[in-house]
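**Q** After the structure tokens below, expect a handful of questions from me.
The values are calculated or read from the model by the stated rules, or taken from the named source; none is laboratory data. A quick note: this is a predicted structure, and the numbers were derived from the prediction, not measured. No Cβ is skipped: glycine too gets one built from the backbone with ideal geometry, and neighbour counts run over all protein chains shown.
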Amino acid sequence: MRSLFHLAFNVTDLARTRSFYGGVLGCKEGRSTATWVDFDFFGHQLSMHLGEPFKTACTGQVGDKMVPMPHFGLVLALPDWQALAQRLQAEKIEFVLAPQVRFEGEPGEQWTMFFCDPFGNPIEIKGFRSLDTLYAT
């Protein structure tokens, strides 16, 4: 069974939302009204509604790094992750955690990057050589 993930959260400006998710990330816009907009987030549905964004803090410890919580994101095959990292760097996106590899040589080796949308919503993008190792222990 193929299932798709749906996440709805708040933003404060739909024009800036369109610019970031549509322009910077390259997500296709779906339905919208005057108070919300949907995007195809790499095959998953994001719905951004006008409102107060989540409060976040760097309280999640992963290895020796503290990462923003809560956050959302996606897992990509490594070549796609590398292409997106290059795109974000070219766009001069400010990273919370710059593109890097973690758990190198261990089960679950992964590349990761954290950044925020214009409203402070943290996003993590992971890359794996093989998506079959996503849950490796």
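**Q** Tell me which strands (runs of 3 or more DSSP E) are completely within the stretch 5-54 and hold 1 or more residues being closer than 15 Å to ILE123 by Cα, or say none if there are none.
**A** By residue number, 6-11, 36-41, 44-50.
**Q** Further, regarding this structure: Do we find a residue being among the aromatic types (Phe, Trp, Tyr), over 23 Å from TYR135 (Cβ atoms) and touching a Ser or Thr at 6+ places or on another chain (Cβ under 9 Å) anywhere in the stretch 31-47?
**A** Yes - at least one qualifying residue is present in the stretch 31-47.
**Q** Being at pLDDT below 95 and surrounded by 13 or more Cβ atoms within 10 Å (Cβ to Cβ) narrows it down to one of PHE115, PHE54, so name that one.
**A** Within the list PHE115, PHE54, the selection yields PHE54.
**Q** Please determine, by comparing only the residues of the stretch 100-118 that are more than 13 Å from the chain's Cα centre (by Cα) and touching a residue at least 40 places away in the same chain (Cβ under 8 Å), which one is nearest to LEU46 (Cα to Cα).
**A** Once the filter is applied, the top-ranked residue is ARG102.
**Q** I'm trying to understand the selection: among the residues of the stretch 118-137, which are assigned to a loop (DSSP other than H, G, I, E, B) and either surrounded by 12 or more Cβ atoms within 10 Å (Cβ to Cβ) or hydrophobic (A, V, I, L, M, F, W, C) (or both)?
**A** PRO118, PHE119, GLY120, ASN121, ARG129, LEU134, ALA136
**Q** Can you name the residue in the stretch 27-46 that is among the small types (Gly, Ala, Ser) and either within 16 Å of ARG16 (Cβ to Cβ) or buried (at least 16 other Cβ atoms within 10 Å of the Cβ) (or both) and is also farthest from the chain's Cα centre (by Cα) among such residues?
**A** The residue in question is ALA34.
**Q** Can you tell me which residue among LEU84, LEU97, LEU88, LEU76 is surrounded by 13 or more Cβ atoms within 10 Å (Cβ to Cβ), touching a residue at least 60 places away in the same chain (Cβ under 8 Å) and not in a loop (DSSP other than H, G, I, E, B)?
**A** Testing whether each residue is surrounded by 13 or more Cβ atoms within 10 Å (Cβ to Cβ), touching a residue at least 60 places away in the same chain (Cβ under 8 Å) and not in a loop (DSSP other than H, G, I, E, B) leaves just LEU88.
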